[in-house]
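What follows is a single structure, written as structure tokens, with notes after it.
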Amino acid sequence: MPKSLLIISRQSPWSGPSAREALDIALAGGAFDLPLGMLFMDDGVLQLMPSQRAGALQQKDITANLQALSMFGVEDLFACHTSLAERGLSPTELSVEPLQVLRDQDIAALIDRYDQVITI
Amino acid sequence: MKFAIALYSPAHAPSSRRALLFAQAALAGGHEIVRLFFYQDGVHSASSNVVTPQDELDVPAQWRDFVTQHQLDGVVCIAAGLRRGVLNTQEAERYSRPAANLAEPWDLSGLGQLHDAVQAADRLICFGGP
């Protein structure tokens, strides 16, 4: 049985390459058919905001890549309810699906369920 | 216990020094390090071009000596390295860049090496993250 890995993405999409680099870990693992999960929390939930205008910042939008995660074998996607609420984001209008929105105690249980955890 | 160690911070960050101390303590305690994986700004911790003031700890040199002495598998992520200008001779030539700043004992390789280490290790320990 391969070990499961939870990738916790905590950086906003435009604060540097971190969001992209967390995504790259997921895509690389998906290519090896590994059991992966990805949790967006803290400023990482901003990656899930719809209608971002990356061009205005001369950046590349990673929304399409996030939406393609399930096609690359990464289907267990989670977002932190508290982080969404703190930033005024509604769980029903996010750009990525399927996505499970978890309360704090469920996040503790989620982390516990995975063999390894990597936070970026 | 088998450890995989991931480092995300450059040489001047306290977490780079902590990662090194952890790695040294792991081996001293009889544990195994299956791989060191330098990602994000951690690639700078492997650069041969860091010049540390004489009265400060030369973290990149300490990493080099540590990896060489214990014949560890030290991997620098190629995508993160290219983005930040940490290149070995081969990549410097491939992209027509004037200099290489990554040498032995480091290997420039892909994220598959991180996943492989995650599979081989009992614990993945990360330093320098948010």
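Per-structure values
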read-out	value
11 Å beta-carbon shell around B:A121, net charge (K/R +1, D/E -1)	0
Cα→Cβ-extended label distance, 7 Å offset, between B:H70 and B:D122, nm	1.5
Theoretical ellipticity at 222 nm over chain A - DSSP helices of four or more residues, -39500 (n - 2.57) apiece, nearest 500	-8000 deg cm²/dmol
Sulfur and carbon atoms: percent of accessible area, the protein assembly as shown [1.4 Å]	47
Beta bridges by DSSP in the stretch A:5-119, antiparallel share as percent, to the nearest 5	0
Efficiency of FRET from Cβ geometry, B:K2 and A:I111, R₀ 25 Å, rounded to 0.05	0.75
For the stretch B:2-127, accessible area per residue (1.4 Å probe, heavy atoms of protein chains only), Å²	48
Debye equation applied to the C-alpha atoms of the protein assembly as shown, log10 I(q)/I(0) at 0.08, 0.13, 0.15 Å⁻¹	-0.33, -0.84, -1.08
Karplus (6.51, -1.76, 1.60) ³J(HN,Hα), θ = phi - 60°, over the stretch B:4-21, in Hz, Gly and Pro reported as x	10, 10, 10, 10, 10, 10, x, 4, 7, 7, x, 5, 5, 5, 5, 4, 5, 4
Kirkwood hydrodynamic radius of chain A, Cα pairs, Å	14.3
Amide H contacts under 5 Å for B:R35, placed H, 5+ residues apart	B:I5
Cα-centred dipole magnitude for chain A, charges only on beta-carbon of K, R (+1) and D, E (-1), debye, nearest 20	240
Loop-located trypsin sites (Lys or Arg not before Pro) in the stretch A:29-120 whose Cβ has at most 14 other Cβ within 10 Å (DSSP)	A:R53, A:K60, A:R87, A:R103
Under-5 Å amide H pairs with A:G37, H placed in peptide plane, nonlocal only	A:L5, A:L6, A:I7
Computed [θ] at 222 nm, deg cm²/dmol, chain B (DSSP H ≥ 4; -39,500 (n - 2.57); rounded to nearest 500)	-10500 deg cm²/dmol
Among B:E91, B:E56, B:E32: highest mean-square fluctuation, GNM of chain B, C-alpha pairs under 10 Å	B:E56
Other protein chain Cβ atoms within 10 Å, averaged over every residue that makes up B:113-121	5
Residue-wise HN-Hα coupling along the stretch B:82-95, computed from phi with Karplus coefficients 6.51, -1.76, 1.60 (Hz; x: Gly, Pro)	4, 4, 10, x, 9, 10, 8, 4, 4, 6, 4, 5, 4, 9
Simple Cβ-charge dipole of the protein assembly as shown, Lys/Arg +1 and Asp/Glu -1, about Cα centre, in debye nearest 20	300
HN-Hα J in Hz across the stretch A:109-115 - Karplus 6.51, -1.76, 1.60, θ = phi - 60°, x for Gly and Pro	5, 4, 4, 5, 6, 8, 5
Residue of A:G16, A:G44, A:G29 that the Gaussian network model of chain A assigns the largest fluctuation, springs spanning Cα pairs under 10 Å	A:G16
Accessible area buried at the A-B interface, both sides summed, 1.4 Å probe (Å², nearest 100)	1700
Accessible area in square angstrom per residue, chain A, 1.4 angstrom probe	50
Dipole magnitude of the stretch A:1-66, debye to nearest 20 (Cβ charges: Lys/Arg +1, Asp/Glu -1, about Cα centre)	60
GNM top mover of B:S48, B:S96, B:S16 - chain B, alpha-carbon springs below 10 Å	B:S96
The stretch B:1-44 versus the stretch A:40-55: alpha-carbon centroid distance in Å	30
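The values are calculated or read from the model by the stated rules, or taken from the named source; none is laboratory data. Small disclaimer: the values here were computed from a predicted structure and weren't measured. Neighbour counts are summed over all protein chains in view; Cβ atoms, including those assigned to glycine, are modelled from backbone coordinates with ideal geometry. Please note that ligands, DNA and RNA were not included when accessible areas were found on the heavy atoms of the full protein model with its side chains. Shrake-Rupley method; radii C 1.70, N 1.55, O 1.52, S 1.80 Å.
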